[in-house]
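The structure appears right after this line, and notes come after that.
The values are calculated or read from the model by the stated rules, or taken from the named source; none is laboratory data. Here the structure is a predicted model, which means the values were calculated and not measured. FYI the Cβ positions are ideal-geometry reconstructions off the backbone, even for glycines, and counts take in every protein chain you see.
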Amino acid sequence: MRASVNAYENRLNRLVLMLVLLLFALSALVACNSEKQIPAPPLILPFFVQQAGNKVETELQVQEHRPYIIYLRLGFNENNPKDRERVRKVVGDYGRDADGKLLNPGVSVPLRLKIVIIYASSNKTLLERDVLEEEMWAYGADNFKKKIVTVSLKPGHYRISVETLKDMPELIGTAVELGIGYDHKASALP
């Protein structure tokens, strides 16, 4: 029992150290750039959802009016079928019943989402909500995606923040990222 606790603590300590080093490296890159570069979608950010209170916040420069998808990207080892199945069970499946309720939502990751549009002289909250259930949206060779929300954004400067509301021990050992993107096949809105 003690050995498994030590292994868990070691894994958690390594994850925290990697996140600190990543944040340090990103801070150094930002400091080297004299002009503030605001990223545009698509954007992927590391997100340690395993612990309540963790938050990802980014500014975003939207170029086109279109629906944007904010999602969780949960990674797995593509060469390990057991790992893929473990993450798939957490993510759930597609499909809804006649009332529109998800048939198998998997493990929900309770989140608080806030989108603020930033104007030159003020800010305005565009969306603020707690998301208690996400839907499996897509998958790739080494990840599954759970959609948090689809939101129509017009060109402008935004701040998006997502915070975990509950510890998620089911996701320990799973690389999770926050994605902000759009359907590349769909046209921009007028």
Exercise for review: Filter the stretch 155-190 for residues that are among the acidic types (Asp, Glu) and over 29 Å from Ser122 (Cβ atoms) and give the result.
Suggested key: Asp167, Glu170, Glu177, Asp183
Review point. Quick check, is Leu126 over 26 Å from Val87 (Cβ atoms) and among the hydrophobic types (A, V, I, L, M, F, W, C)?
Key: yes
**Study point:** Odd one out for Thr174, checked against (1) of a type in the set (Ser, Thr, Tyr); (2) over 21 Å from Ala40 (Cα atoms); (3) without any contact (Cβ under 8 Å) to a residue 40 or more places away in the chain
**Key:** (3)
Review point. So which residues in the stretch 67-79 are of a type outside the set (A, V, I, L, M, F, W, C) and in contact with a helix residue (DSSP H, G or I) (Cβ under 9 Å, 6 or more places away or on another chain), if there are any at all?
Key: Gly75, Asn77, Glu78
Check your understanding: Where in the stretch 86-177 are there strands (runs of 3 or more DSSP E), lying wholly inside it, with at least 1 residues that are of a type outside the set (Phe, Trp, Tyr), surrounded by 15 or more Cβ atoms within 10 Å (Cβ to Cβ) and touching a helix residue (DSSP H, G or I) at 6+ places or on another chain (Cβ under 9 Å)?
Key -> 135-139, 143-153
**Study point:** Members of the stretch 127-143 that are more than 23 Å from Gly53 (Cα to Cα) and not aliphatic (A, V, I, L, M)
**Key:** Trp137, Tyr139, Gly140, Asp142, Asn143
Practice item. Go through (1) of a type in the set (Ser, Thr, Tyr); (2) surrounded by 17 or more Cβ atoms within 10 Å (Cβ to Cβ); (3) outside the structural domain of Leu60 (by TED's automatic domain parsing) and name the single condition Ser187 misses. Key: (2)
Check your understanding: Is it fair to say Ile180 is among the aliphatic types (A, V, I, L, M), in a strand (DSSP E or B), out of contact with any His (no Cβ under 7 Å at 6 or more places or on another chain) and closer than 15 Å to Val62 by Cα?
Key -> yes
Study note, to complete from the structure: Result of the Cβ filter at 7 Å on the stretch 45-74, keeping first residues that are over 19 Å from Met18 (Cα atoms) and partners that are part of a loop (DSSP other than H, G, I, E, B) and of a type in the set (Phe, Trp, Tyr), at least 6 apart or interchain, is Arg66/Tyr182; Pro67/Tyr182; Tyr68/Tyr182; Ile69/Tyr182
Practice item. Hey, could you check the stretch 153-173 for residues that are at pLDDT 95 or above and either in contact with a Lys or Arg (Cβ under 7 Å, 6 or more places away or on another chain) or of a type in the set (Val, Ile, Thr) (or both) and say which is nearest to Glu64 (Cα to Cα)? Key: Ile160
